[in-house]
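The block underneath contains the structure these notes are about, expressed in structure tokens.
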Amino acid sequence: MFIVFEGIDGTGKSTQVRLLADALRQREKEVVTSKEPTDGPVGTRLRQSAEKGRLSPQDELDLFHQDRRDHVQSLIVPALERGATVIVDRYFFSTMAYQGARGFDPAEIRAINEQFAPRPDHVFLLVLEPDVALDRIGIRDGKANAFEHKEALQKCHDIFASLDDDFIHRIDASRSPAQVHAEILSFLA
Ligand code: TYD
């Protein structure tokens, strides 16, 4: 089973990945968690660019795709093939939202990714108003990075809101982590 968490910064994805992985480890033989951008060389470069000054839109898009190709090949596909449950914090829906917010066509981004990136069984889209999400980031990190400015986050929020597939579940992330987790588990019963 392949599970993805999506949502703008500050919606609590990493907490929910942890809670879900802990819960599924009680019943699945192997649960693998991962995230994008990855901790590999390309993902690390992308993360640094958020602090040190942003890449051009095209370079950034290319690097997110390169990072994802590596991730799919080296981790996601092998884990799914050996029967593991894979939970990933961000996937190509983030590229649609964030690089879409920088001017690329989300539908084209999706088409490129669907050529090489397996489709998840479930996408949990954590939904929170950008103002609330930014407050949470402020409390958490003190300072927003270049990916996290209000106007850009609002665009990302709108692109996420436009996603419409039966494997995408919208989850109200304004509630407590335990309530959010309980709703997510109900989709996997
Ligand atoms: P984030 O999940 O916030 O990682 P961390 O908390 O470890 O720094 O991801 C960093 C930023 O990368 C986030 O603001 C969203 C952005 N991003 C994209 O712009 N495109 C993508 O395809 C992905 C996966 C992430």
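The values are calculated or read from the model by the stated rules, or taken from the named source; none is laboratory data. The model shown is predicted, which means the values in this text are computed figures rather than measured ones. Using ideal geometry, Cβ is built from the backbone for each residue, glycine included, and neighbour counts are taken over all protein chains shown. The protein model used for the area step is the full one, side chains on, heavy atoms only, and it has no ligands, DNA or RNA in it. Shrake-Rupley method; radii C 1.70, N 1.55, O 1.52, S 1.80 Å.
Using a probe of 1.4 angstrom and keeping all protein chains present, the accessible surface of the stretch 12-65 works out to 54 square angstrom per residue.
Given in Å, the Rg to one decimal and the Dmax to the nearest whole number for the Cα atoms of the stretch 1-84 are 14.6, 44. Backbone amide hydrogens, once placed in the peptide plane, bring Lys35 within less than 5 Å of Asp89, excluding anything fewer than 5 places away on its chain.
Electrostatic tally near Glu183: other residues with Cβ closer than 11 Å to its Cβ, Lys and Arg +1, Asp and Glu -1, net +1.
Does the stretch 1-42 come out rounded, prolate or oblate, given a ≥ b ≥ c as the square roots of the eigenvalues of its C-alpha gyration tensor, rounded meaning a/c under 1.5 and, failing that, prolate meaning a/b above b/c? Judged from the Cα gyration tensor, the stretch 1-42 comes out oblate (a/c at least 1.5, b/c at or above a/b).
With the largest listed first and rounded to whole Å, the semi-axes of the equivalent ellipsoid of the stretch 2-187 from the Cα gyration tensor are 24, 21, 16. Cα centroids of the stretch 1-50 and the stretch 61-120: 13 Å apart.
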